[in-house]
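Please read the structure below before turning to the comments.
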Amino acid sequence: MPSTVLKIAAVPGDGIGKETVPEGIKVVDAAAERFGFKVEWTHFNDWTCENYAKTGTIVPGGIDEGIKILKAYDSIFLGAVGWPGVADHISLWDLLIPIRRAFGLFANVRPAQNLPGVRCPLANKKPGDIDLLIVRENVEGEYSQVGGRIYQGTEDDIAIQEAIFTRRGVDRIIRYAFELARSRPKKHLTSATKSNGIIHSMPFWDERFNAIKKEYPDVKTNQFHIDILCARLVTNPEWFDTIVASNLFGDILSDLAPAVAAGGIGVAPSSNINPKERLGLFEPVHGSAPDIYGKGIANPIGQISSGAMMLRHLGQTEAANAIDRAIAKVLADGIKTGDLGGKSSTSEVGDAVAQSVATV
Ligand code: ATP
Ligand code: MG
């Protein structure tokens, strides 16, 4: 009997999540087999927008029930939630945001690299040139329920949307980003704000960044406004290393970074974690992609790579590193889906990575 058993809640969700999650499971199982631990998967296949359309909640019985269920697991392995006909904000507010808040998953970490075999849209960049880590604040900031509408439906209609920045929330994401930056070769952290336009919350973020950086004299720092940072990320991506940002700015940067590094979001993984807690949520950056669902052409690498992040968080570092090496090898061998210019199907890529994990 293997000594360690990881209990994982698998939530494929909608669209291509149903195609990519099985590939992620296949690869995680292959890594577990090689490194001598076991993964016990529980499948929550009905946590979907289809269920929402039928019953009014994504999780049967409601999200509070879902959170009680999830407490029993080491981790949540998610595909994508969202489907045409169900309003966009539902998947966020009826599933993801309550989970992030209930489990205190305040850090959303999204690496972006130009891997071998993946075409970087910037002509002069070689594989390995770009290695970015976006650290996004995940539970407060601009994504808030505070606000409302006044005089709705009249000519005087007003919408108010507040952003909430707490010292506790800002400090812990900045401090965690410094820790991550310190653990990487370049030891370089950039903070993204917009303190000239947003004159209360963003200067507060800058103030906390400047206070906390004194604890990390070995980490080189920069502060950029989000607009020029976006421009520089396109013209000089290799100059950056770790970037920390608020909920909204981090969301935008973490779609931009993989697009710059790898020409799209199909290979991009993400983790939603509290670094001090075991339970985290791991999911690819991409959504449910209804336009390609059911054709067997979705790129499973973002999902598989999220599996590696999950194993690393659960202490299975060797298994996680083997998955990363297997991904690099399979892509370099040209086994890739159409979005990367290849001809392989979703499951062919998954099979190739699973096979490679056993030896690489
Ligand atoms: P969400 O709101 O959930 O983030 P989105 O509207 O941003 O979703 P995605 O589903 O992330 O959209 O994808 C945008 C487009 O990118 C898709 O329609 C699809 O064409 C392409 N795409 C996304 N993920 C993949 C993938 N894994 N493989 C191939 N193509 C993908
Ligand atoms: Mg998106």
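The values are calculated or read from the model by the stated rules, or taken from the named source; none is laboratory data. These figures come from a predicted structure and were not determined experimentally. Backbone-built Cβ (ideal geometry, glycine too); neighbour counts: all protein chains shown.
A few remarks follow.
- Glu65 falls short on exactly one of the conditions (1) under 22 Å from Arg278 (Cα atoms); (2) more than 22 Å from the chain's Cα centre (by Cα); (3) within 16 Å of ligand 1 (Cβ to nearest atom), and that condition is (3).
- Cβ pairs under 6 Å, 6+ apart, first in segment 92-103 and within 14 Å of Leu279 (Cα to Cα), second assigned to a helix (DSSP H, G or I): Ala102/Ile67
- Which listed residue, of Gly294, Gly315, Gly287, Gly266, is farther than 19 Å from Arg136 by Cβ, within 11 Å of ligand 1 (Cβ to nearest atom) and in a loop (DSSP other than H, G, I, E, B): Gly266
- Residue check for Gly82: surrounded by fewer than 20 Cβ atoms within 10 Å (Cβ to Cβ), modelled with pLDDT of 90 or more and closer than 18 Å to Ser270 by Cβ: no
A quick yes/no check of all residues on (1) charged (D, E, K, R); (2) touching a His at 6+ places or on another chain (Cβ under 8 Å); (3) more than 16 Å from ligand 2 (Cβ to nearest atom):
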| position | (1), (2), (3) |
| --- | --- |
| Phe240 | no, yes, yes |
| Ala261 | no, no, yes |
| Pro269 | no, no, no |
| Pro290 | no, no, no |
| Ala298 | no, no, no |
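- For segment 133-192, the set of residues classified as among the aromatic types (Phe, Trp, Tyr) and either on the phi < 0 side of the Ramachandran plot or part of a helix (DSSP H, G or I) (or both) consists of Tyr143, Phe165, Tyr176, Phe178, listed by residue number.
- Tally of residues being in contact with an Asp or Glu (Cβ under 9 Å, 6 or more places away or on another chain) and over 17 Å from His89 (Cβ atoms) across segment 41-61: 3
- Condition check for Leu96: part of a loop (DSSP other than H, G, I, E, B) and closer than 29 Å to Ile243 by Cα: no
- Residue within segment 49-57 that is buried (at least 16 other Cβ atoms within 10 Å of the Cβ), in a loop (DSSP other than H, G, I, E, B) and among the polar types (S, T, N, Q) present: yes
- Number of positions in segment 300-309 that are away from ligand 2 (no atom under 16 Å from the Cβ) and either of a type in the set (Ser, Thr, Tyr) or in a loop (DSSP other than H, G, I, E, B) (or both): 2
- Single residue of segment 206-262 satisfying the filter (assigned to a loop (DSSP other than H, G, I, E, B) and of a type in the set (A, V, I, L, M, F, W, C)) that is surrounded by the most Cβ atoms within 10 Å (Cβ to Cβ): Phe240
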